[in-house]
Each structure stands twice: as C-alpha cells, then as structure tokens.
1. Taking only the C-alpha atoms, wrap a convex hull around the stretch 16-78 and report its volume per residue in Å³ as a whole number.
2. Per 0.36 nm of contour for each residue apart, how much would the distance between Phe51 and Phe20 grow if the chain were fully extended, relative to their Cα-Cα spacing?
3. In debye, nearest 20: dipole of the chain around its Cα centre with unit charges on the Cβ of K, R (+) and D, E (-)?
4. Show me 67-73, 50-56, 25-31 ranked by packing, highest mean number of other Cβ atoms within 10 Å first.
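Computed from the coordinates by the stated procedures, all read-outs in this text should not be read as laboratory data. None of the values given here were measured: they were computed from a predicted structure. Methodologically, a virtual Cβ is constructed for each residue, glycine included, from the backbone with ideal geometry; neighbour enumeration extends over all protein chains shown.
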Amino acid sequence: MKVCVKCGYRDNPLWRSSRFDLNAEYMRWEDAETAEELSPVVEALRHAANFAGFQLGPYIYYRRGTGGLWLYRVLPEDFKVPA
C-alpha cells in the first residue's frame, strides 16, 4: 500500500503492480465500481468495450482484458493504448 510521506494519504490497497507493464497498476473492474474515489472513472469507462484512456488527477485509467475485466492506471508519460 502506498502512503504519502507529506500528507499521510493511503492509496487503495486493491491496486496491484502489473507483472507485464512495469509502470502500471491494476484492479478488478468490480472492485473499482465499489471504490468511491473512482466513481468518475467508472462513469467514463462504463461500457466494457471502451478501452480509451481517461485522465483523473495524475493518472490515466483504462480498461483491459476480455470484456474489460481489469482497470489499469499509469502516469501520462507511460500511457500507451493496449494492442
């Protein structure tokens, strides 16, 4: 779990580091739907076929996997559309 040393903000513990995309973190779409801080992301990426990126704060969020099963987040300089 990430904790900011300046303000003490604790990141959602459901974010996991990706083994294949080293700069990305991901969580299950079902878990993202229950996280209040991700409600704008969930609304923007509601449709499972929407694999476009959506920026909120310092991260770009996008869905990945068959049927959009996973929600990924990366910093803008690391963002690329998945093939």
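1. Spread over its residues, the Cα hull of the stretch 16-78 gives 78 Å³ apiece.
2. Stretched fully, the Phe51-Phe20 segment lengthens by 9.4 nm.
3. Computed charge dipole of the chain: roughly 200 debye.
4. Values: 67-73: 19.0, 50-56: 14.9, 25-31: 16.6.
Output ranking for 67-73, 50-56, 25-31: 67-73, 25-31, 50-56.
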